[in-house]
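A short write-up of the structure that comes next.
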Amino acid sequence: MPPVRDEEGRVSHDFLALVRAAIETENAAALIGLAGDLHEADVADLIESLPEDEWVPFVRLLGEEFDYAALTELDESMRLAILDGLPKDSLAEGIGELDSDDAVYILEDMEPEDQAAILEQLPFLDRLQLQRALDYPEGSAGRLMQTDFIAVPSFWSVGQTIDYMREAKELPDTFHEIFTVDPGFRLIGSVPLDKILRTRRATEISEIMTDDPVTFRATDDREDVARSFERYNLVSAAAVDDSGRLVGMLMIDDIVDVIQEEAEEDLRGLAGLGDEEISDTVLVTARSRFNWLVVNLGTAVLASVVISLFEGTIEAMVALAVLMPIVASMGGNAGTQTMTVAVRALATQELDARNMWRVLRREVLVSLLNGVALAVLIGLCAWFWFGNIGLGVVIGTAIVVNLLFAGMSGLLIPVVLEKLRIDPAIASSVFVTTVTDVVGFFAFLWIAALWFGLPL
């Protein structure tokens, strides 16, 4: 059998050809032999490599050998397309075998009636756990947590705890610590597994537990949870309800997914792409981009209005029209650099009122230094290009002015939008671009009109 992945880490062409041949001939045995034992991430990559009309047949032919955890590795539109093509009883069986956090991840994107149809086919306790998790707000820790965990009373011995873990039938597949609770099931501590394994059996759990572990409320925002995991280097943590009762366990694998999703969301937002996925249809993609392009059209018109104010200046010296885009372009690039740093710093809570003025001062100085250096370069180029030293002075001065405005707007605009509770990742770029275009054109043409005594 050919390797699953080629030297570049992608699904190999030969392996994909065998899988597609098995799907085309509906040879379930051959397909199970090829993909039945693959890791969920490999299965997801394999699905992404298949044509859309082969996604559902692939899952159906694998049958019980298909690991539904692979669906959590796919983007939403692909996942929903597959779920819509499968019978509800098969979905219920597959989802019922997943960890609760993975099951919730799949169910939360489905329509309420589809959720209900699947949940009603699950055992009562499983249905109750999943429904409770789905009742937490979207984007909360409750949607991320596993409801399977190990909790013991603090008076148990290490030996009792180990024997319990060996004999209990329902344990989470992966865990790194056990939790201690009081009779009301309120969290009072935690013990990492390595400490249990290194401690004598007769020792009570209360002697080795951490009395004040890092915990999160199930209603906490998942971004705040992810930042805390990163800050304190956590691998797992307890989730509690408003009364302090233990309700779940948060794991690092889910937190990594949150960090990645938020980073991707910020990148798409800076480009005005919203929640667009690569598997979206042409119509959905065009519609998601159109509104943003309309906004950018409006800002372009505004820049054109500024240019129109200096028609006489441009007519008197055609060289201005040649050099004009350089000023706006350099300002736009400098503003985008500052804006990207600012948006990311706001997202990670590294930028706030305490250090904003220090950061602003730094950005102004950086803009001034870069502006002067670029002014010298472009000034010399303009002088040799057009044989006019005055033109070099004009464009150099305009570059310095525009880069100063670019640095300030690239920082201040995201901060102001954050204060107004508008996502700076989505809205900042259009405003920063507008400022740098308008200021760049106006500064260049106005300085030129004054320097050369040209008509406006």
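The values are calculated or read from the model by the stated rules, or taken from the named source; none is laboratory data. Only a predicted model underlies this, so the values are computations on that prediction, with no experimental measurement involved. FYI the Cβ positions are ideal-geometry reconstructions off the backbone, even for glycines, and counts take in every protein chain you see.
Annotations
- V284 in contact with a helix residue (DSSP H, G or I) (Cβ under 9 Å, 6 or more places away or on another chain), at pLDDT 80 or above, under 27 Å from E52 (Cα atoms) and hydrophobic (A, V, I, L, M, F, W, C): no
- Filtering the stretch 196-219 to residues that are over 17 Å from F149 (Cβ atoms) and touching a helix residue (DSSP H, G or I) at 6+ places or on another chain (Cβ under 7 Å) leaves T199, R200, R201, A202, T203, I208, T219.
- In the set (1) crowded, with 20+ Cβ neighbours inside 10 Å; (2) within 23 Å of A17 (Cα to Cα); (3) not hydrophobic (A, V, I, L, M, F, W, C), the condition left unmet by P57 is number (1).
- The test for being in contact with a Leu (Cβ under 9 Å, 6 or more places away or on another chain), at pLDDT below 95 and surrounded by fewer than 17 Cβ atoms within 10 Å (Cβ to Cβ) holds for L267.
- For beta carbons closer than 9 Å, sequence separation of 6+ or different chains, a first residue in the stretch 16-30 that is surrounded by fewer than 14 Cβ atoms within 10 Å (Cβ to Cβ) and part of a helix (DSSP H, G or I) and a second that is of a type outside the set (G, A, S) and modelled with pLDDT of 90 or more, the qualifying pairs are A21/N27; E24/E54; E24/P57.
- Residues that are surrounded by fewer than 18 Cβ atoms within 10 Å (Cβ to Cβ) and out of contact with any Leu (no Cβ under 9 Å at 6 or more places or on another chain) occur in the stretch 173-181; there is at least one.
- Inspection of the stretch 44-65 identifies no residue that is basic (K, R) and under 25 Å from L144 (Cα atoms).
- Taking first residues from the stretch 82-94 that are under 13 Å from A117 (Cβ atoms) and partners that are small (G, A, S), the Cβ contacts under 6 Å between residues at least 6 apart in sequence or on separate chains come to K88/A117.
- Residues that are more than 21 Å from V11 (Cα to Cα) number at least 3 in the following helices (runs of 4 or more DSSP H) confined to the stretch 36-106: 76-84, 88-96.
- Helices (runs of 4 or more DSSP H) completely within the stretch 141-242 that count 1 or more residues being free of Cβ contacts under 8 Å to residues at least 40 places away in the same chain, acidic (D, E) and under 21 Å from V104 (Cβ atoms): 222-232
- Selected residue (only one of D109, D114 is more than 16 Å from G248 (Cα to Cα) and part of a helix (DSSP H, G or I)): D114
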